[in-house]
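Trainee: Please read through the structure below; I'll follow up with questions.
The values are calculated or read from the model by the stated rules, or taken from the named source; none is laboratory data. Source: prediction; values computed, not measured. Virtual Cβ from ideal backbone geometry, glycine too; neighbours counted across all protein chains shown. For accessibility, only protein heavy atoms count, side chains too; no ligands or nucleic acids. Shrake-Rupley method; radii C 1.70, N 1.55, O 1.52, S 1.80 Å.
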Amino acid sequence: DASLRAVPDLRNMRIRNEAPVALDRESPPRAYEIPVDLRLHTAAGTGRMRGWYRMRARTDGQGWEITSASLQPVLE
């Protein structure tokens with residue numbers, strides 16, 4: 001998140017989520033990792049970041065919460 005906030009003059013961003021991967025063997029799974037690909041447009045040009053975020057079903061049964069995330073710049 002900090003690396004994304006540090007992008008200077010961010011004008012727009014396109015986010016593409018890939019298919020989620022179950023992190024447990026429960027049926028249905030209670031935790032997933034979702035790969036993401038971000039295309040960033042700035043005054044200096046276009047860049048990319050790739051990473052993932054992990055979601056887990058809330059213990060109170062009231063939806064989902066993001067438990068962790070990772071983003072890394074992609075050199076092209």
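Trainee: If you take the residues of region 7-21 that are assigned to a loop (DSSP other than H, G, I, E, B), open to solvent by 70 Å² or more (accessible area, probe 1.4 Å) and under 21 Å from L75 (Cβ atoms), which of them is modelled with the highest pLDDT?
Mentor: Checked region 7-21; the qualifying residue modelled with the highest pLDDT is D9.
Trainee: Separate question: Among the residues of region 6-13, is there at least one that is without any contact (Cβ under 8 Å) to a residue 60 or more places away in the chain and within 11 Å of the chain's Cα centre (by Cα)?
Mentor: No: zero hits.
Trainee: Separate question: Which residue is nearest to the chain's Cα centre (by Cα), if the candidates are limited to region 59-72 and must be more than 16 Å from R5 (Cα to Cα) and surrounded by 11 or more Cβ atoms within 10 Å (Cβ to Cβ)?
Mentor: It comes out as T67.
Trainee: Among the residues of region 37-52, which ones are part of a strand (DSSP E or B) and either more than 16 Å from R5 (Cβ to Cβ) or open to solvent by 50 Å² or more (accessible area, probe 1.4 Å) (or both)?
Mentor: Scanning region 37-52 gives D37, R39, H41, G45, T46, R48, R50, W52.
Trainee: Checking D24 against (1) open to solvent by 80 Å² or more (accessible area, probe 1.4 Å); (2) free of Cβ contacts under 8 Å to residues at least 12 places away in the same chain; (3) of a type in the set (D, E, K, R): exactly one of these is not met. Which one?
Mentor: Here D24 clears every test but (1).
Trainee: May I pose another question? Could you count how many residues in region 27-36 are small (G, A, S) and either part of a strand (DSSP E or B) or open to solvent by less than 60 Å² (accessible area, probe 1.4 Å) (or both)?
Mentor: Number of matching residues: 1.
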